[in-house]
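What follows is a short report on a single structure.
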Amino acid sequence: MGENKLAVVGGGLMGSGIAEVAARRGITTVVTDISDEAAAAAKGRVEKSMGRAIAKGKLAQEDADAAMGLLTFSGSIDAAADADIVIEAATENADAKDALFRKLGEIVQRPDAILASNTSSLQIIRLGTAAGRPEWTVGLHFFSPVPLMKLVEVIPSLATADEAKERALVFVRDGLGKEVIEAPDRPGFVVNVLLVPYMMSAIRLLEGGHATAADIDKGMRLGCGHPMGPLELIDNIGLDTVRGATLGMFNEFKDPMYAPPPLLNRLVDAGFLGKKTGRGFYDYSS
């Protein structure tokens, strides 16, 4: 059996991006969130993203209309019950994800449906065990913004069945048109194990008064050819999301290079989460 219907649990920046990519590839997709209002906001994110693509000449209006016709949005996770593959893209909170996977294990009807998580820091085996379906659970770690970023990390756990891994790989490559790398079931996988210490080092450089945010980012853009600097990147990802990832890695490895610097903690506590709130390391209010 193939994957004919996708459910995305969580319609935030990542979830709405995954849903958009799937629908634009002709996949029937339902997005579920915690309320009807949150589901409507997810629909708005998809429409806005495709509107930008249309304005840039990268998407035809009729293709956008066809994609929206394949998308439904629901304020109840029960809408994921008849999915062939479910991708959880909720907030990076361990208890919340455990609860979601327990619920998915109860409601998803197809016994060999693939349950996937977009987590960047939690162990896949933990989520599969919570669902009671460890053999059918994998990690599918997307990168932001999902419609533009080509890579997905596919993470099987020790208990993931070979069939589940292969179906996940085929879905990502052929269904979504993404490039894949296979990563181990350890916090940070491949990309974030390298990326997070780099971002934490940039925060410590700023925190210590050794350079301005603008100069740190300009240095990495122009000196290393990065498309954006580390602090800009954190603002784009979301400071709370980055802190969640680095805490997960620090708790696992106890290595100081993964510890969130005090400045990151203070900004998150203040609600300055980056572009999505209008302020992070930079002010976006204007």
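The values are calculated or read from the model by the stated rules, or taken from the named source; none is laboratory data. Bear in mind that the values here come from a model prediction, so they are computed numbers and not experimental data. In this analysis, Cβ positions are derived from the backbone assuming ideal geometry, glycine residues included, and neighbour counts consider all displayed protein chains. The area values use the complete protein model at the heavy-atom level, side chains included, leaving out ligands, DNA and RNA. Shrake-Rupley method; radii C 1.70, N 1.55, O 1.52, S 1.80 Å.
Projecting label points 7 angstrom from Cα along Cα→Cβ for residue 182 and residue 47 puts them 4.2 nm apart.
Once you order the gyration tensor axes a ≥ b ≥ c over the Cα atoms, which shape class does the stretch 37-130 get: rounded for a/c under 1.5, otherwise prolate or oblate by comparing a/b with b/c? Taking the square roots of the gyration eigenvalues as a ≥ b ≥ c, the stretch 37-130 is prolate. With a cut-off of 9 Å between beta carbons, the residues surrounding residue 135 carry a summed charge of -1, where Lys and Arg count +1 and Asp and Glu -1. Relative to its residue count, the stretch 3-45 spans a Cα convex hull of 58 Å³ per residue.
Using heavy-atom solvent-accessible surface (probe 1.4 Å) with all chains present, what is the largest-first order of 226, 141?
Largest accessible area first, the list is 226, 141.
Which distance in Å, rounded to a whole number, links the C-alpha centroids of the stretch 210-286 and the stretch 161-178? That distance is 32 Å.
In this simple spin-label approximation, residue 63 and residue 173 carry label points 7 Å from Cα along the Cα→Cβ vector, and these lie 2.3 nm apart. Proximity of backbone amide H atoms, modeled 1.01 Å from N, is registered between residue 161 and 136, 137 at under 5 Å, excluding neighbours fewer than 5 places apart on the same chain.
The string of couplings for the stretch 48-60 from the Karplus curve (6.51, -1.76, 1.60, θ = phi - 60°) is 5, 5, 5, x, 5, 5, 5, 4, 8, x, 9, 8, 7 Hz, one whole number per residue in order, with x for Gly and Pro. Accessible area per residue was computed with a 1.4 Å probe on protein heavy atoms; residue 95 scores about 110 Å². Among the trypsin sites (Lys or Arg not before Pro) within the stretch 1-40, those in coil by DSSP and having at most 16 neighbouring Cβ atoms inside 10 Å are 25. The 1.4 Å probe gives accessible areas that order 239, 263, 158, largest first, as 158, 263, 239. The magnitude of the dipole of the stretch 137-217, with charges of +1 and -1 set on the Cβ of Lys/Arg and Asp/Glu and taken from the Cα centre, is near 60 debye. Counting only DSSP beta bridges whose two residues both lie in the chain, roughly 25 percent are antiparallel. Rounded to the nearest 20 debye, the dipole magnitude of the stretch 159-286 is 280 debye, with +1 charges on Lys and Arg beta carbons, -1 on Asp and Glu beta carbons, and the Cα centre as origin. One chain, two ends: residue 228 and residue 148. Fully extended at 0.36 nm per residue, the span grows by 27.4 nm beyond their Cα-Cα distance. The Cα trace of the chain gives Rg and Dmax of 18.7, 57 Å, the first to one decimal, the second as a whole number. Spherically averaged projected area of the convex hull of Cα atoms, the stretch 113-169: 3.8 nm².
Placing +1 on the Cβ of every Lys and Arg and -1 on the Cβ of every Asp and Glu, with nothing else charged, gives the chain a dipole about its Cα centre of roughly 620 debye. Applying the Karplus relation 6.51 cos²θ - 1.76 cosθ + 1.60 with θ = phi - 60° to the stretch 171-184 yields 3J(HN,Hα) values of 4, 5, 6, 8, x, 9, x, 9, 7, 10, 10, 8, 10, x Hz, where x marks Gly and Pro. Along the axis of the charge dipole computed for the chain (Cβ charges of +1 for Lys and Arg, -1 for Asp and Glu, origin at the Cα centre), the listed residues 100, 67, 80 are led at the positive end by 67.
Just the number please: accessible area per residue for the chain, 1.4 Å probe, all protein chains included, in Å².
Result: 45 Å² of accessible area for each residue.
With N the number of residues in the stretch 170-286, Rg(Cα) / (2.2 N^0.38 Å) evaluates to 1.14. Scanning residues 5 or more positions from residue 31 or on other chains, those with amide H under 5 Å from its amide H are 8, 72, 73, 74, with H placed 1.01 Å from N in the peptide plane. In straight-distance terms, cross-link reach from residue 178 covers every one of the lysines whose alpha-carbon lies under 24 Å from its own, apart from those fewer than eight places away in the same chain; here that gives 5, 43, 48, 56, 58, 150, 165.
Each residue, residue 212 and residue 96, gets one label point 7 Å from its Cα in the Cβ direction; the gap between the two is 3.5 nm.
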